[in-house]
Each structure stands twice: as structure tokens, then as C-alpha cells.
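Here's the structure we're looking at; comments come further down.
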Amino acid sequence: MKVLVFTNMYPCDEDLSYGIFVKEQVDSLRRRGAHVDVLFLNGRKSKLNYLKGIFAFLKSQRSTDYDLIHAHHTYCAA
């Protein structure tokens, strides 16, 4: 199963605990054999990243045929 997790909460260099529960979900799916890609939009760093995320999302759709897309936050789902 190929899964794309689209989120604005994920551990990053600036805050290693930010969105740690999302990382734990991703790690759990991977341990169970799922192929999981994470598309992290760091909106805390720059609100412009949400706009850039639209293009990153579209690019990911062209390159991989996902079975499931999990938009983890309202901003990403929009």
C-alpha cells in the first residue's frame, strides 16, 4: 500500500517534538509494510509554504500512484 501523509505538523530541525504523533503514525505504518511518503508543509516557518505545498502536492500526484492520501490538517486538506 502506498500512502501519502500531507501535513503541516511534523518534527523538523527547529522543533524535534512538533507533530511527533504524526511521525509515530508514519513509523507504525512503515513497520507494517506500507510505503509512506510525507509531504510536510512547514507553515510555522513561512505561510508561503502553504502555497508552495499546492504545487508539491500536484507534483507528488504525477510521480506516484497513491492508494491513500491522508491530509492531516485542515490547511492541507483545503
What's the number of the condition His73 fails, among (1) surrounded by fewer than 16 Cβ atoms within 10 Å (Cβ to Cβ); (2) modelled with pLDDT of 90 or more; (3) in contact with a Ser or Thr (Cβ under 8 Å, 6 or more places away or on another chain)? (2)
Please name all residue pairs, on different chains or six or more residues apart, with Cβ atoms under 9 Å, provided the first residue is in the stretch 26-53 and is under 13 Å from Met9 (Cα atoms) and the second residue is open to solvent by 70 Å² or more (accessible area, probe 1.4 Å) and not in a helix (DSSP H, G or I). Asn42/Glu14; Arg44/Glu14; Lys45/Glu14; Tyr50/Ala78
Residue in the stretch 15-35 that is farthest from Val3 (Cα to Cα), counting only those that are of a type in the set (Gly, Ala, Ser) and in contact with a strand residue (DSSP E or B) (Cβ under 9 Å, 6 or more places away or on another chain): Gly19
Looking at the stretch 12-24, can you tell me whether even one residue there is over 13 Å from the mean Cα position of the chain (by Cα) and assigned to a helix (DSSP H, G or I)? no
Tell me, yes or no, whether the stretch 51-62 has at least one residue that is part of a loop (DSSP other than H, G, I, E, B) and of a type outside the set (S, T, N, Q). no
For Ser46, all conditions in the list (1) part of a loop (DSSP other than H, G, I, E, B); (2) at pLDDT below 90; (3) open to solvent by 60 Å² or more (accessible area, probe 1.4 Å) hold save one; what is the number of the exception? (3)
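The values are calculated or read from the model by the stated rules, or taken from the named source; none is laboratory data. The structure displayed is predicted, hence computed values, not measured ones. Cβ sites come from the backbone with ideal geometry, for glycine too, and all protein chains shown count toward neighbours. When the accessible area is computed, the model is the full protein with side chains, heavy atoms only, and any ligands, DNA or RNA have been set aside. Shrake-Rupley method; radii C 1.70, N 1.55, O 1.52, S 1.80 Å.
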